[in-house]
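Chemist: Questions regarding the structure given below will be posed in turn.
The values are calculated or read from the model by the stated rules, or taken from the named source; none is laboratory data. In this text, all values refer to a predicted model and were calculated from it rather than measured experimentally. Note: ideal-geometry Cβ built from the backbone for every residue, glycine included; neighbour counts use all protein chains shown. Accessible surface is based on the protein model in full, side chains and every heavy atom, while ligands, DNA and RNA are left aside. Shrake-Rupley method; radii C 1.70, N 1.55, O 1.52, S 1.80 Å.
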Amino acid sequence: MYRASGLRIMQQVRGRISGEIQGVYCAVAPALKTFTLQQQVQQQQGRWTATSTVSGKQVAPPQVTPPPRHDWNRAVSEAERIVGYPTSFLSLRWLLSDEIANVALHLRKLVGSAHPLMKTAKHLLYNGKNTMQAWGLIVLLVSKAAGHAPSVPDVEQDKSAGVLHSQRALAEVTEMIRISHLVHNSVVNLQSSTQAGQDVATFDDMSFGNKIGLLTGDYLLGHSSAELANLRNQEVVELISSAVRDFSESEFIGERDEQNNPLPYKPGTFQRPSLSVGVDFNEHDVMAPMPIAQVLGNPEQEWECRNILNAGSLLGKSCQGSLKLAGQSEELQRHAYRFGKHLALAWQACLDAEPFQCPTLPLDATFSLVSAPVLFHLEHDPEMYADLEAGKQSVDNIDYDKIHRAILAGPALNKTKELQRKHTAAALAVLQHFPATDARQALENIILAMQDL
(Lines give C-alpha, C1' and ligand atoms only; values in the text may rest on other atoms or scores of the structure.)
Protein backbone atom coordinates (compact mmCIF):
# COMPACT_ATOMS: atom_id res chain seq x y z
CA MET A 1 0.00 0.00 0.00
CA TYR A 2 2.77 2.40 0.96
CA ARG A 3 4.74 1.54 -2.14
CA ALA A 4 1.86 2.08 -4.54
CA SER A 5 0.81 5.35 -2.92
CA GLY A 6 4.42 6.50 -2.80
CA LEU A 7 4.87 5.92 -6.53
CA ARG A 8 1.60 7.70 -7.32
CA ILE A 9 2.67 10.69 -5.24
CA MET A 10 6.07 10.82 -6.91
CA GLN A 11 4.51 10.62 -10.38
CA GLN A 12 2.02 13.40 -9.59
CA VAL A 13 4.72 15.62 -8.13
CA ARG A 14 7.02 14.88 -11.04
CA GLY A 15 4.33 15.81 -13.61
CA ARG A 16 3.39 18.99 -11.76
CA ILE A 17 7.01 20.11 -11.44
CA SER A 18 7.66 19.36 -15.13
CA GLY A 19 4.66 21.50 -16.13
CA GLU A 20 5.73 24.39 -13.93
CA ILE A 21 9.30 24.26 -15.19
CA GLN A 22 8.10 24.23 -18.80
CA GLY A 23 5.87 27.25 -18.16
CA VAL A 24 8.64 29.20 -16.50
CA TYR A 25 11.05 28.34 -19.29
CA CYS A 26 8.65 29.51 -21.98
CA ALA A 27 8.23 32.80 -20.15
CA VAL A 28 11.91 33.56 -19.70
CA ALA A 29 13.46 31.81 -22.70
CA PRO A 30 13.48 34.94 -24.97
CA ALA A 31 15.18 37.00 -22.28
CA LEU A 32 17.70 34.27 -21.57
CA LYS A 33 18.48 33.93 -25.27
CA THR A 34 19.00 37.68 -25.66
CA PHE A 35 21.24 37.80 -22.60
CA THR A 36 23.27 34.83 -23.84
CA LEU A 37 23.84 36.46 -27.24
CA GLN A 38 24.90 39.72 -25.59
CA GLN A 39 27.25 37.86 -23.27
CA GLN A 40 28.85 35.98 -26.21
CA VAL A 41 29.43 39.23 -28.09
CA GLN A 42 31.03 40.79 -25.00
CA GLN A 43 33.29 37.78 -24.50
CA GLN A 44 34.40 37.88 -28.14
CA GLN A 45 35.26 41.55 -27.81
CA GLY A 46 37.22 40.73 -24.65
CA ARG A 47 35.77 43.60 -22.61
CA TRP A 48 32.54 44.94 -21.04
CA THR A 49 30.89 47.67 -23.15
CA ALA A 50 28.43 49.21 -20.68
CA THR A 51 27.83 52.95 -21.13
CA SER A 52 26.28 55.70 -19.06
CA THR A 53 24.48 58.93 -20.03
CA VAL A 54 25.65 62.31 -18.74
CA SER A 55 23.95 65.56 -19.91
CA GLY A 56 22.35 63.75 -22.83
CA LYS A 57 25.64 62.29 -24.03
CA GLN A 58 26.80 58.71 -23.78
CA VAL A 59 30.05 58.42 -21.89
CA ALA A 60 31.87 55.11 -21.98
CA PRO A 61 33.40 54.10 -18.63
CA PRO A 62 36.98 52.86 -18.45
CA GLN A 63 37.22 49.47 -20.11
CA VAL A 64 37.89 46.79 -17.53
CA THR A 65 38.59 43.23 -18.57
CA PRO A 66 37.08 40.91 -15.94
CA PRO A 67 39.08 37.86 -14.90
CA PRO A 68 38.00 34.68 -16.68
CA ARG A 69 35.53 32.59 -14.71
CA HIS A 70 34.49 29.01 -15.21
CA ASP A 71 30.86 27.95 -15.02
CA TRP A 72 30.38 25.05 -12.58
CA ASN A 73 27.07 23.87 -14.07
CA ARG A 74 28.47 23.94 -17.58
CA ALA A 75 31.60 22.03 -16.55
CA VAL A 76 29.49 19.32 -14.89
CA SER A 77 27.08 19.12 -17.85
CA GLU A 78 29.94 18.64 -20.31
CA ALA A 79 31.48 15.99 -18.07
CA GLU A 80 28.16 14.11 -17.89
CA ARG A 81 27.92 14.16 -21.67
CA ILE A 82 31.41 12.70 -22.02
CA VAL A 83 30.73 9.64 -19.87
CA GLY A 84 26.99 9.39 -20.48
CA TYR A 85 26.33 9.72 -16.75
CA PRO A 86 23.81 12.39 -15.70
CA THR A 87 24.14 12.74 -11.93
CA SER A 88 20.53 13.90 -11.62
CA PHE A 89 19.36 10.60 -13.14
CA LEU A 90 20.76 8.63 -10.21
CA SER A 91 18.84 10.82 -7.78
CA LEU A 92 15.62 10.46 -9.77
CA ARG A 93 16.04 6.70 -10.01
CA TRP A 94 16.44 6.38 -6.26
CA LEU A 95 13.55 8.75 -5.55
CA LEU A 96 11.22 6.63 -7.69
CA SER A 97 12.27 3.31 -6.14
CA ASP A 98 9.86 1.56 -3.79
CA GLU A 99 12.10 1.73 -0.72
CA ILE A 100 12.98 5.41 -1.07
CA ALA A 101 9.33 6.23 -1.84
CA ASN A 102 8.42 4.77 1.55
CA VAL A 103 11.16 6.83 3.18
CA ALA A 104 9.83 9.97 1.47
CA LEU A 105 6.37 9.33 2.88
CA HIS A 106 7.75 9.05 6.41
CA LEU A 107 10.01 12.09 5.95
CA ARG A 108 6.90 14.21 5.42
CA LYS A 109 6.12 13.71 9.10
CA LEU A 110 9.38 15.49 9.99
CA VAL A 111 8.56 18.65 8.04
CA GLY A 112 8.65 21.56 10.46
CA SER A 113 10.80 19.74 13.00
CA ALA A 114 14.39 20.60 13.84
CA HIS A 115 15.82 17.18 13.05
CA PRO A 116 19.12 17.38 11.11
CA LEU A 117 17.90 14.69 8.71
CA MET A 118 15.69 17.26 6.97
CA LYS A 119 18.68 19.48 6.30
CA THR A 120 20.62 16.52 4.91
CA ALA A 121 17.71 15.56 2.65
CA LYS A 122 17.48 19.14 1.39
CA HIS A 123 21.15 19.15 0.44
CA LEU A 124 20.79 15.81 -1.32
CA LEU A 125 17.76 16.86 -3.37
CA TYR A 126 18.72 20.48 -4.01
CA ASN A 127 22.46 20.16 -4.03
CA GLY A 128 23.42 23.32 -5.98
CA LYS A 129 27.21 23.59 -5.66
CA ASN A 130 27.39 20.47 -3.52
CA THR A 131 29.38 17.54 -4.86
CA MET A 132 27.53 14.84 -2.95
CA GLN A 133 26.15 13.46 -6.19
CA ALA A 134 29.13 14.34 -8.40
CA TRP A 135 31.51 11.83 -6.84
CA GLY A 136 30.39 9.04 -9.15
CA LEU A 137 30.94 11.39 -12.07
CA ILE A 138 34.52 12.06 -10.93
CA VAL A 139 35.21 8.31 -10.67
CA LEU A 140 33.93 7.71 -14.21
CA LEU A 141 35.90 10.63 -15.64
CA VAL A 142 39.10 9.27 -14.08
CA SER A 143 38.21 5.84 -15.48
CA LYS A 144 37.73 7.16 -18.99
CA ALA A 145 40.82 9.38 -18.83
CA ALA A 146 43.01 6.39 -17.92
CA GLY A 147 41.39 3.90 -20.27
CA HIS A 148 41.60 0.14 -19.76
CA ALA A 149 44.02 -2.67 -20.49
CA PRO A 150 43.72 -4.48 -23.86
CA SER A 151 43.05 -7.73 -22.02
CA VAL A 152 39.61 -6.53 -20.82
CA PRO A 153 36.89 -8.52 -22.68
CA ASP A 154 34.52 -6.62 -24.96
CA VAL A 155 31.50 -7.84 -23.03
CA GLU A 156 32.64 -5.84 -19.98
CA GLN A 157 33.01 -2.58 -21.92
CA ASP A 158 30.45 0.17 -22.30
CA LYS A 159 31.86 1.39 -25.61
CA SER A 160 29.38 4.23 -26.00
CA ALA A 161 30.66 5.83 -22.78
CA GLY A 162 34.25 4.58 -22.88
CA VAL A 163 34.13 2.94 -19.43
CA LEU A 164 33.56 -0.56 -18.06
CA HIS A 165 30.27 -1.74 -16.63
CA SER A 166 32.08 -2.62 -13.41
CA GLN A 167 33.47 0.93 -13.20
CA ARG A 168 29.97 2.36 -13.54
CA ALA A 169 28.78 0.04 -10.77
CA LEU A 170 31.68 1.17 -8.56
CA ALA A 171 30.74 4.82 -9.18
CA GLU A 172 27.23 4.15 -7.91
CA VAL A 173 28.62 2.25 -4.91
CA THR A 174 30.75 5.29 -4.08
CA GLU A 175 27.75 7.61 -4.08
CA MET A 176 25.65 5.24 -2.00
CA ILE A 177 28.36 4.90 0.65
CA ARG A 178 28.86 8.66 0.76
CA ILE A 179 25.14 9.37 1.14
CA SER A 180 24.70 6.67 3.78
CA HIS A 181 27.50 8.26 5.81
CA LEU A 182 25.85 11.68 5.62
CA VAL A 183 22.46 10.27 6.59
CA HIS A 184 23.95 8.38 9.54
CA ASN A 185 25.62 11.60 10.69
CA SER A 186 22.16 13.18 10.91
CA VAL A 187 21.23 10.96 13.86
CA VAL A 188 21.12 12.93 17.11
CA ASN A 189 21.85 11.81 20.66
CA LEU A 190 18.60 11.96 22.61
CA GLN A 191 18.50 13.53 26.04
CA SER A 192 18.08 11.34 29.11
CA SER A 193 14.63 9.96 29.87
CA THR A 194 14.31 12.19 32.95
CA GLN A 195 14.64 15.31 30.79
CA ALA A 196 12.72 13.97 27.80
CA GLY A 197 9.36 14.50 29.48
CA GLN A 198 9.89 18.25 29.55
CA ASP A 199 9.30 18.45 25.79
CA VAL A 200 7.49 15.32 24.62
CA ALA A 201 6.73 16.60 21.11
CA THR A 202 10.38 17.41 20.36
CA PHE A 203 11.51 14.09 21.80
CA ASP A 204 9.04 12.18 19.60
CA ASP A 205 10.18 14.06 16.46
CA MET A 206 13.83 13.40 17.21
CA SER A 207 13.21 9.75 18.02
CA PHE A 208 11.22 9.22 14.81
CA GLY A 209 13.86 11.06 12.74
CA ASN A 210 16.57 8.86 14.21
CA LYS A 211 14.68 5.72 13.18
CA ILE A 212 14.27 6.96 9.62
CA GLY A 213 17.93 8.04 9.45
CA LEU A 214 19.21 4.72 10.75
CA LEU A 215 17.03 2.63 8.45
CA THR A 216 17.79 4.74 5.37
CA GLY A 217 21.53 4.83 6.00
CA ASP A 218 21.63 1.11 6.73
CA TYR A 219 19.66 0.34 3.58
CA LEU A 220 22.02 2.35 1.38
CA LEU A 221 25.10 0.91 3.05
CA GLY A 222 23.78 -2.64 2.82
CA HIS A 223 22.80 -2.23 -0.83
CA SER A 224 26.21 -0.75 -1.65
CA SER A 225 27.90 -3.71 0.06
CA ALA A 226 25.92 -6.14 -2.08
CA GLU A 227 26.79 -4.24 -5.26
CA LEU A 228 30.44 -4.12 -4.20
CA ALA A 229 30.50 -7.88 -3.70
CA ASN A 230 29.01 -8.38 -7.18
CA LEU A 231 32.17 -6.85 -8.65
CA ARG A 232 33.94 -10.09 -7.63
CA ASN A 233 37.26 -8.36 -7.09
CA GLN A 234 38.73 -8.98 -3.65
CA GLU A 235 41.29 -6.18 -3.86
CA VAL A 236 38.64 -3.59 -4.73
CA VAL A 237 36.40 -4.87 -1.91
CA GLU A 238 39.27 -4.46 0.57
CA LEU A 239 40.03 -1.00 -0.78
CA ILE A 240 36.49 0.33 -0.44
CA SER A 241 36.01 -1.43 2.90
CA SER A 242 39.04 0.41 4.25
CA ALA A 243 37.39 3.69 3.19
CA VAL A 244 34.29 2.78 5.23
CA ARG A 245 36.62 2.08 8.17
CA ASP A 246 38.13 5.54 7.69
CA PHE A 247 34.67 7.10 7.99
CA SER A 248 34.28 5.53 11.41
CA GLU A 249 37.79 6.47 12.48
CA SER A 250 37.19 10.12 11.60
CA GLU A 251 34.42 10.23 14.21
CA PHE A 252 36.86 9.49 17.05
CA ILE A 253 39.43 12.24 16.50
CA GLY A 254 39.56 14.84 19.23
CA GLU A 255 36.93 16.02 21.68
CA ARG A 256 33.19 15.99 20.99
CA ASP A 257 30.14 17.63 22.46
CA GLU A 258 27.13 15.65 23.64
CA GLN A 259 25.76 15.55 20.07
CA ASN A 260 29.07 14.18 18.77
CA ASN A 261 29.95 17.43 16.98
CA PRO A 262 33.75 17.75 16.73
CA LEU A 263 35.67 20.27 18.82
CA PRO A 264 39.25 21.45 18.30
CA TYR A 265 42.06 20.59 20.66
CA LYS A 266 43.22 23.18 23.14
CA PRO A 267 46.29 24.97 21.69
CA GLY A 268 49.49 23.64 23.23
CA THR A 269 48.00 20.24 24.12
CA PHE A 270 50.33 18.47 21.70
CA GLN A 271 53.90 19.50 21.01
CA ARG A 272 55.03 17.08 18.33
CA PRO A 273 57.17 17.70 15.24
CA SER A 274 55.20 17.88 12.01
CA LEU A 275 55.39 15.07 9.49
CA SER A 276 57.92 15.97 6.83
CA VAL A 277 56.26 13.80 4.17
CA GLY A 278 52.69 15.03 4.72
CA VAL A 279 49.57 13.22 5.88
CA ASP A 280 48.55 10.09 4.02
CA PHE A 281 48.13 6.34 4.13
CA ASN A 282 50.83 3.82 3.36
CA GLU A 283 50.55 3.49 -0.42
CA HIS A 284 51.77 -0.11 -0.29
CA ASP A 285 49.30 -1.18 2.43
CA VAL A 286 45.94 0.59 2.26
CA MET A 287 44.62 -1.46 5.16
CA ALA A 288 47.13 0.14 7.53
CA PRO A 289 45.53 2.98 9.56
CA MET A 290 46.66 6.59 9.28
CA PRO A 291 49.20 7.85 11.90
CA ILE A 292 46.73 10.22 13.57
CA ALA A 293 48.74 10.79 16.75
CA GLN A 294 51.65 12.28 14.81
CA VAL A 295 49.64 15.15 13.28
CA LEU A 296 47.66 16.44 16.27
CA GLY A 297 48.70 19.95 17.21
CA ASN A 298 49.58 21.03 13.66
CA PRO A 299 46.54 22.92 12.24
CA GLU A 300 47.08 22.11 8.57
CA GLN A 301 48.04 18.48 9.03
CA GLU A 302 45.29 17.86 11.58
CA TRP A 303 42.76 19.35 9.16
CA GLU A 304 44.09 17.18 6.34
CA CYS A 305 43.94 14.08 8.55
CA ARG A 306 40.32 14.69 9.54
CA ASN A 307 39.14 15.33 5.99
CA ILE A 308 41.13 12.57 4.32
CA LEU A 309 39.46 10.12 6.66
CA ASN A 310 36.05 11.77 6.29
CA ALA A 311 36.00 12.33 2.52
CA GLY A 312 39.31 12.07 0.66
CA SER A 313 39.78 8.41 1.47
CA LEU A 314 36.57 7.27 -0.24
CA LEU A 315 36.99 9.41 -3.36
CA GLY A 316 40.70 8.59 -3.71
CA LYS A 317 40.29 4.86 -3.14
CA SER A 318 37.29 4.73 -5.46
CA CYS A 319 39.37 6.28 -8.25
CA GLN A 320 42.16 3.83 -7.45
CA GLY A 321 39.77 0.86 -7.41
CA SER A 322 38.26 1.92 -10.72
CA LEU A 323 41.66 1.71 -12.41
CA LYS A 324 42.32 -1.60 -10.69
CA LEU A 325 39.17 -2.96 -12.35
CA ALA A 326 40.53 -1.72 -15.69
CA GLY A 327 43.82 -3.60 -15.23
CA GLN A 328 45.97 -0.44 -15.13
CA SER A 329 49.46 -0.29 -13.61
CA GLU A 330 50.08 0.19 -9.90
CA GLU A 331 51.72 3.54 -10.57
CA LEU A 332 48.70 4.91 -12.43
CA GLN A 333 46.43 3.58 -9.69
CA ARG A 334 48.39 5.56 -7.11
CA HIS A 335 48.10 8.69 -9.26
CA ALA A 336 44.33 8.16 -9.37
CA TYR A 337 44.22 7.90 -5.57
CA ARG A 338 46.26 11.09 -5.16
CA PHE A 339 43.99 12.95 -7.56
CA GLY A 340 40.83 11.94 -5.71
CA LYS A 341 42.38 12.83 -2.36
CA HIS A 342 43.59 16.29 -3.40
CA LEU A 343 40.30 17.06 -5.17
CA ALA A 344 38.30 16.19 -2.04
CA LEU A 345 40.59 18.31 0.15
CA ALA A 346 40.44 21.29 -2.23
CA TRP A 347 36.65 21.12 -2.26
CA GLN A 348 36.48 20.85 1.54
CA ALA A 349 38.70 23.93 1.87
CA CYS A 350 36.29 25.75 -0.46
CA LEU A 351 33.33 24.72 1.71
CA ASP A 352 35.15 25.73 4.91
CA ALA A 353 35.83 29.22 3.56
CA GLU A 354 32.27 29.79 2.30
CA PRO A 355 30.72 30.98 5.63
CA PHE A 356 33.44 33.65 5.90
CA GLN A 357 32.90 35.23 2.48
CA CYS A 358 30.33 37.65 3.97
CA PRO A 359 31.19 40.35 6.54
CA THR A 360 28.35 39.16 8.80
CA LEU A 361 27.14 35.67 9.61
CA PRO A 362 23.55 35.01 8.47
CA LEU A 363 20.91 34.50 11.15
CA ASP A 364 21.04 31.04 12.78
CA ALA A 365 23.97 30.05 10.55
CA THR A 366 26.82 28.00 12.00
CA PHE A 367 30.06 26.47 10.80
CA SER A 368 32.27 23.57 11.80
CA LEU A 369 34.56 24.27 14.73
CA VAL A 370 37.25 22.07 13.17
CA SER A 371 37.13 23.84 9.80
CA ALA A 372 40.36 25.23 8.40
CA PRO A 373 39.66 28.92 9.30
CA VAL A 374 38.95 28.03 12.94
CA LEU A 375 42.06 25.84 13.31
CA PHE A 376 44.28 28.44 11.65
CA HIS A 377 42.89 31.21 13.84
CA LEU A 378 43.46 29.17 17.00
CA GLU A 379 47.10 28.93 15.97
CA HIS A 380 47.17 32.71 15.49
CA ASP A 381 45.16 33.57 18.63
CA PRO A 382 45.07 30.71 21.20
CA GLU A 383 42.98 32.85 23.57
CA MET A 384 39.93 32.29 21.35
CA TYR A 385 39.76 28.75 22.73
CA ALA A 386 38.09 30.19 25.84
CA ASP A 387 35.09 31.07 23.65
CA LEU A 388 34.95 27.50 22.36
CA GLU A 389 34.92 25.84 25.77
CA ALA A 390 31.24 26.74 26.11
CA GLY A 391 30.55 24.18 23.38
CA LYS A 392 31.71 21.15 25.31
CA GLN A 393 28.15 20.46 26.38
CA SER A 394 26.64 21.61 23.08
CA VAL A 395 28.04 23.63 20.20
CA ASP A 396 24.76 25.58 20.21
CA ASN A 397 26.06 27.43 23.28
CA ILE A 398 28.88 29.05 21.31
CA ASP A 399 28.75 32.66 20.11
CA TYR A 400 29.36 32.02 16.40
CA ASP A 401 29.07 35.71 15.51
CA LYS A 402 31.96 36.59 17.79
CA ILE A 403 34.15 33.84 16.37
CA HIS A 404 33.17 34.83 12.83
CA ARG A 405 34.27 38.43 13.41
CA ALA A 406 37.54 37.33 15.02
CA ILE A 407 38.42 35.05 12.12
CA LEU A 408 37.70 37.77 9.53
CA ALA A 409 40.04 40.11 11.40
CA GLY A 410 42.92 37.60 11.35
CA PRO A 411 44.97 35.76 8.71
CA ALA A 412 43.02 32.47 8.90
CA LEU A 413 40.83 33.06 5.83
CA ASN A 414 43.83 33.82 3.61
CA LYS A 415 45.56 30.69 4.89
CA THR A 416 42.46 28.66 4.04
CA LYS A 417 42.44 30.01 0.49
CA GLU A 418 46.14 29.18 0.19
CA LEU A 419 45.31 25.66 1.39
CA GLN A 420 42.68 25.34 -1.32
CA ARG A 421 45.09 26.56 -3.99
CA LYS A 422 47.71 24.10 -2.75
CA HIS A 423 45.47 21.06 -3.19
CA THR A 424 43.98 22.39 -6.42
CA ALA A 425 47.47 22.71 -7.89
CA ALA A 426 48.34 19.23 -6.61
CA ALA A 427 45.26 17.72 -8.27
CA LEU A 428 46.04 19.45 -11.58
CA ALA A 429 49.65 18.26 -11.40
CA VAL A 430 48.57 14.64 -10.89
CA LEU A 431 46.27 14.88 -13.94
CA GLN A 432 49.31 15.41 -16.15
CA HIS A 433 50.15 11.72 -15.68
CA PHE A 434 46.97 10.79 -17.56
CA PRO A 435 46.66 10.82 -21.36
CA ALA A 436 45.39 14.03 -22.92
CA THR A 437 41.72 13.23 -23.57
CA ASP A 438 38.38 14.96 -23.36
CA ALA A 439 37.81 13.28 -19.99
CA ARG A 440 41.01 14.75 -18.57
CA GLN A 441 40.02 18.17 -19.90
CA ALA A 442 36.62 17.80 -18.24
CA LEU A 443 38.31 17.07 -14.91
CA GLU A 444 40.48 20.16 -15.32
CA ASN A 445 37.40 22.26 -16.08
CA ILE A 446 35.65 21.00 -12.95
CA ILE A 447 38.68 21.87 -10.80
CA LEU A 448 38.96 25.36 -12.29
CA ALA A 449 35.21 25.94 -11.91
CA MET A 450 35.42 24.85 -8.28
CA GLN A 451 38.07 27.50 -7.70
CA ASP A 452 35.72 30.24 -8.92
CA LEU A 453 32.77 29.25 -6.70
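Chemist: Tell me, in nm to one decimal, what length is gained between Met118 and Asp381 on full extension, where the rule is 0.36 nm per residue of separation less the Cα-Cα distance?
Modeler: Fully extending the segment from Met118 to Asp381 adds 91.1 nm.
Chemist: In this model, which of Lys211/Lys392; Lys119/Lys341; Lys122/Lys266; Lys119/Lys422; Lys392/Lys415 are farther than 29 Å apart at the alpha-carbon?
Modeler: Exceeds cut-off: Lys122/Lys266; Lys119/Lys422.
Chemist: Taking the Cα centroid of the stretch 303-348 and of the stretch 216-248, what is the distance between the two, rounded to the nearest whole Å?
Modeler: What the calculation gives is 16 Å, centre to centre.
Chemist: How do Phe252, Phe208, Phe376 rank by accessible surface area computed with a 1.4 Å probe, from largest to smallest?
Modeler: Order by accessible area, largest first: Phe252, Phe208, Phe376.
Chemist: What aspartates and glutamates does Lys417 reach when the alpha-carbon gap must be under 17 Å and sequence neighbours fewer than 8 apart in one chain are set aside?
Modeler: Qualifying aspartates and glutamates at Cα under 17 Å: Glu300, Glu302, Glu304, Asp352, Glu354, Glu379, Asp452.
Chemist: Cut-off under 19 Å on the C-alpha distance; same-chain residues fewer than 8 positions from Lys144 excluded. Which aspartates and glutamates are left, in chain and number order?
Modeler: Reachable aspartates and glutamates: Glu78, Glu80, Asp154, Glu156, Asp158, Glu172, Glu175, Glu330, Glu331, Asp438, Glu444.
Chemist: Right, another one. Could you tell me the accessible area of Lys402 in Å² (1.4 Å probe, neighbours in place), rounded to the nearest ten?
Modeler: Approximately 90 Å² for this residue.
Chemist: Something else about it: Take each of the peptides 296-302, 138-144, average the number of other beta-carbon atoms within 10 Å over its residues, and list them starting from the highest.
Modeler: Packing proxy ranking, top to bottom: 138-144, 296-302.
Chemist: A further question on this structure: By accessible area of protein heavy atoms, probe 1.4 Å, what ranking do His342, His115, His165 get, highest first?
Modeler: The ordering from most to least exposed comes out as His165, His342, His115.
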